[in-house]
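To start, the structure under review is shown below, and the notes come after it.
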Amino acid sequence: MGRLEDLRRDYRHGQLDDDAIGEDPLAMLARWVADAVDAELGEPNAATVATVDADGVPDARVVLLRGIDERGVCWYSNRRSAKGRQLAGNPHAAVVLFWEPLERQVRLRGTVEDLPDEESDAYFASRPRSSRIGAWASQQSEPIADRASLDAQVAQVTARFGDGEVARPEHWGGSLLRPTSIEFWQGRPSRLHDRLRFTRPDVGSGDWAVARLQP
Ligand SMILES: Cc1cc2nc3c(=O)[nH]c(=O)nc-3n(C[C@H](O)[C@H](O)[C@H](O)COP(=O)(O)O)c2cc1C
């Protein structure tokens, strides 16, 4: 492997013109994710979600975004997981997406709330049966002795449900980040990247202020 200090390339894929300032940032984010889908990138909806624990120490992990609409962005997880407990204690989060071939990054900050039960139910029902079983079988983020023990938990849950319906566990559901800040980053040559940051004072306000940031 070469030295990391020597890895260097210019970003030339696109640019972020001032015209973008007039756009609704959540619609623009949906468009950028659609661009990543069209470009057939792997996991175009993968996003890193950063939360803060009870000691004020940040934590971060990748999830798959399952919705982007005028409210914000959402993902699904176990509410008893580390992230679930952290969000219950401090409902603020940051989300970042990066699409390397498009030389684009988006960063969001805001507050997180549970999605309404009906939405979580509908999404859970759309998942393959094996994933629904998995949601019951795994105490996400808890230690387990070995892989065989996990497989045994899955077998136990599978037997318990038999041919019956696998409903959503109460501790599993959607999280909705309502952003107060969304920054779009487009790589440009010579590290003179384009950055546009949309902010609003609170999630109830539809009025976004836009600033171009220095790279
Ligand atoms: C590409 C990718 C997609 C993932 N999607 C999800 C997801 O949608 N929901 C989820 O709970 N975990 C997802 N994970 C696993 C998380 O990164 C993490 O391991 C898990 O949620 C436990 O995190 P926690 O202990 O911080 O709560 C994904 C991981 C990767 C690498």
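Only the coordinates and a few stated rules stand behind these numbers; no lab work does. Just so it is clear, the structure is predicted and the values come from calculations on it, not from any experiment. Cβ sites come from the backbone with ideal geometry, for glycine too, and all protein chains shown count toward neighbours.
Here is how the numbers come out for the structure above:
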| quantity | calculated |
| --- | --- |
| HIS171 versus ARG85: modelled label distance in nm, points set 7 Å from Cα along the beta carbon direction | 1.0 |
| Segment 1-52 - Debye-derived log10 I(q)/I(0), Cα point model, q = 0.16, 0.21, 0.23 Å⁻¹ | -0.79, -1.01, -1.03 |
| Segment 201-214 - phi-based ³J(HN,Hα) in whole Hz, Karplus 6.51/-1.76/1.60, Gly and Pro as x | x, 8, 5, x, 8, x, 8, 9, 9, 10, 10, 8, 9, 5 |
| Per-residue HN-Hα couplings for segment 114-125 [Karplus 6.51, -1.76, 1.60; θ = phi - 60°; Hz; x = Gly/Pro] | 5, 5, x, 3, 4, 5, 5, 4, 5, 5, 4, 5 |
| Pairwise FRET efficiency - LEU4 versus ARG71, Cβ, R0 = 30 Å, nearest 0.05 | 0.15 |
| Exposed-loop-free span, longest in the chain, where GluC sites (Glu not before Pro) count as exposed if DSSP calls them loop and at most 13 other C-beta atoms lie within 10 Å | 71-164 |
| Options GLY164, VAL96, ILE144, ranked by Cα towards positive dipole end of the chain, top entry (Cβ charges) | ILE144 |
| Computed magnitude of the charge dipole of the chain (debye, nearest 20; Cβ of K, R +1, Cβ of D, E -1) | 540 |
| Segment 1-125: relative contact order in percent, alpha carbon pairs under 8 Å with at least 6 residues between | 21 |
| Mean residue ellipticity (222 nm) of the chain, computed from DSSP H runs ≥ 4 via -39,500 (n - 2.57), nearest 500 | -8000 deg cm²/dmol |
| The chain: relative contact order in percent, alpha carbon pairs under 8 Å with at least 6 residues between | 24 |
| Spin-label pair ASP117/GLU100, simplified geometry with 7 Å Cα→Cβ offset, distance in nm | 4.3 |
| Reciprocal of mean inverse Cα separation for the chain (Kirkwood radius, Å) | 19.3 |
| Ranked by how many other beta carbons lie within 10 Å on average, peptides 50-59, 189-198 from highest | 189-198, 50-59 |
| Segment ARG129-HIS92, length gained on full extension (0.36 nm per residue, minus Cα span) | 10.1 nm |
| Debye-sum result for segment 70-176 in log10 I(q)/I(0), which assumes one identical scatterer on each alpha carbon, at q = 0.20 Å⁻¹ | -1.09 |
